[in-house]
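Written out below as structure tokens is the structure these notes cover.
The values are calculated or read from the model by the stated rules, or taken from the named source; none is laboratory data. Because the structure is a prediction, the values reported are computed rather than measured. Please note: Cβ atoms are built from the backbone with ideal geometry, for glycine as well, and neighbour counts cover all protein chains shown. Accessible surface areas use protein heavy atoms only, side chains included; no ligands, DNA or RNA. Shrake-Rupley method; radii C 1.70, N 1.55, O 1.52, S 1.80 Å.
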Amino acid sequence: MVLDPAFTIPALAVAAYDWFQSSWTITRNYPVAGRLRWLALSLRPFIRAYAVEDDTHGTPYSYAARQLIKTRSHGLADTIPFGTELDVYEDPHHWISHSMAPEREPDLSPRITVGNEQSSKPYSASILNISAMSFGALSANAVKAMNIGARDGGFYQDTGEGGLSRHHLENGGDLVWEIGSGYFGARDKDGKFDPEKFRDKAANEAVKMTEIKISQGAKPGHGGMLLGSKVTPEIAEVRGVPVYENCLSPRGHSAFSTPAQMLEFAASMRELSGGKPVGIKFCVGQPHEPFALVKAMLTTGIYPDFIVIDGAEGGTGAAPLSLPIGLVCRFGTGWC
Ligand SMILES: Cc1cc2nc3c(=O)[nH]c(=O)nc-3n(C[C@H](O)[C@H](O)[C@H](O)COP(=O)(O)O)c2cc1C
């Protein structure tokens, strides 16, 4: 057998490198062949998606659910003959309950009015909307696509804490402007809440409500950080932060430190936005905290117009890798 030098010389060079390097044990023990592991790892998502994944068992959306969304987005017929592939004896199993007297004329676009008597501009919200995802965590195209969806579907898009950008405003979908601990888009040079900047942007017709983000299910105890490499000039301008520097959302807010102060802050946001409803988003970590919040509502007489409760199953644009792989839940820092 004659070996082709065009193949053997590079292979020997790689083998020599693998043999003498001391960073990777596998390639040191198995020069060249050990590299197949990286190839296999890079193919892993594809093999799982195309060959291994069960139609009904993907998380958070199964292959079957993703196909249904795709079918609908293409405007194709989604009415089919079927026998269920779901295991209806599985625990838990979720289903729509049957009735011998179903609604004769069901409301196909149910909405709910958000805004208590303290708000002068109540908003009629869809009961399904797009949860907060920041520009920065999402690309401009993703923000725009979701906004078009919100406009066409009659629901709202939550901006997330990364500020209100022109991409949110281009297509006319309803918006909830979220303010996190970084006060992006409404902050002064020291990172503190700037009421004037908030007032100017909240006045935009597309902004129907505003929201204070306290905590997020995906990252207990963490604010969040957008890596400097992602902080392009445009994202920096929208957020009001330096270009290409790590952009930090602190763990907690600087504008308040007690439940009563938080409610006063919410009331000031409602006033600054011209009476638009204001909400609070958090993940329940300690059961006494919502109690304290409700008690503060009673003592101050200030009520948020809506409350968003996040679950621990939620996603995030940026969090330490140890959180999504479940170390926290398994070893326990509380529940949420
Ligand atoms: C890419 C991405 C970015 C997110 N950014 C924010 C954010 O800026 N503010 C926030 O409150 N939640 C943010 N979240 C969390 C979501 O709003 C939501 O609470 C979470 O994903 C749970 O909802 P789900 O179970 O429908 O995914 C983000 C989630 C993702 C996946």
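Separation of region 148-199 from region 133-147 is 11 Å, based on Cα centroids.
Counting only alpha carbon atoms, the long axis of helix 140-153 and the longest principal axis of the chain meet at about 50°. State the Cα centre-to-centre distance between region 80-122 and region 201-233 in whole Å. Going from one Cα centre to the other spans 29 Å.
Helix 259-272 and the long axis of the chain differ in direction by around 80°, with both axes built from C-alpha atoms. Near residue 167: Cβ cut-off under 10 Å, other residues only, Lys/Arg at +1 and Asp/Glu at -1. The net charge is 0.
Taking trypsin sites (Lys or Arg not before Pro) that fall in a DSSP loop and have at most 13 other Cβ atoms within 10 Å as cut points, what is the longest piece of the chain between them?
Values: sites that count: 104, 189, 192, 251.
The longest uninterrupted stretch comes out as 1-103.
Taking 21 Å as the cut-off for C-alpha to C-alpha distance, list the pairs among 121/201; 201/230; 213/276; 197/295 that go past it. Walk me through the numbers on the way to the answer.
Details: 121/201 16 Å; 201/230 24 Å; 213/276 16 Å; 197/295 31 Å.
Violating the 21 Å limit, Cα to Cα: 201/230; 197/295.
Seen through its C-alpha gyration tensor, with square-root eigenvalues sorted a ≥ b ≥ c, region 120-331 comes out rounded because a/c lies under 1.5.
Tell me, what is the percent relative contact order of region 5-58, built from C-alpha pairs under 8 Å that lie six or more residues apart? Kindly include the intermediate steps, with their values, before the conclusion.
On the way: 22 pairs, mean separation 11.4, N = 54.
Here the relative contact order equals 21 percent.
Sort region 1-154 into rounded, prolate or oblate with this rule: let a ≥ b ≥ c be the square roots of the eigenvalues of the Cα gyration tensor; rounded if a/c is under 1.5, and if a/c is not under 1.5, prolate when a/b is larger than b/c, oblate otherwise.
Working: a/c = 3.29, a/b = 2.14, b/c = 1.54.
Cα axes put region 1-154 in the prolate bin.
Out of 113, 59, 25, any idea which swings most in a Gaussian network model of the chain, alpha carbons joined below 10 Å? Evaluated over the chain, the most mobile residue of the options is 25.
Note on residue 70: lysines with a C-alpha under 26 Å away, same-chain residues under 8 apart excluded, are 144.
Which whole-number percent gives the relative contact order of region 120-331, counting Cα pairs below 8 Å spaced six or more residues apart?
Relative contact order for region 120-331 comes out at 21 percent.
Only helices enter this figure: runs of n ≥ 4 DSSP H residues, each worth -39500 (n - 2.57), summed and divided by the residues of the chain, yield -9500 deg cm²/dmol at 222 nm to the nearest 500. Could you compute the net charge surrounding residue 144? Neighbours are other residues with a C-beta less than 14 Å from the C-beta of residue 144; K and R count +1, D and E count -1. So the surrounding residues net to -1. Qualifying chymotrypsin sites (Phe, Trp or Tyr not before Pro) in region 84-132, where qualification requires a DSSP coil assignment and no more than 14 other C-beta atoms within 10 Å, comprise 89, 95. The alpha-carbon of residue 208 sits under 13 angstrom from the alpha-carbons of these aspartates and glutamates, leaving out residues fewer than 8 places away in its chain: 158, 174, 178, 305.
Which order do you get for 57, 167 if you rank them by accessible area with a 1.4 Å probe, largest at the top?
Details: 57 120, 167 5 Å².
Putting 57, 167 in descending order of accessible area: 57, 167.
Could you give the angle, 0 to 90 degrees to the nearest 10, between helix 36-47's Cα long axis and the longest principal axis of the Cα atoms of the chain? Computed tilt is about 40 degrees.
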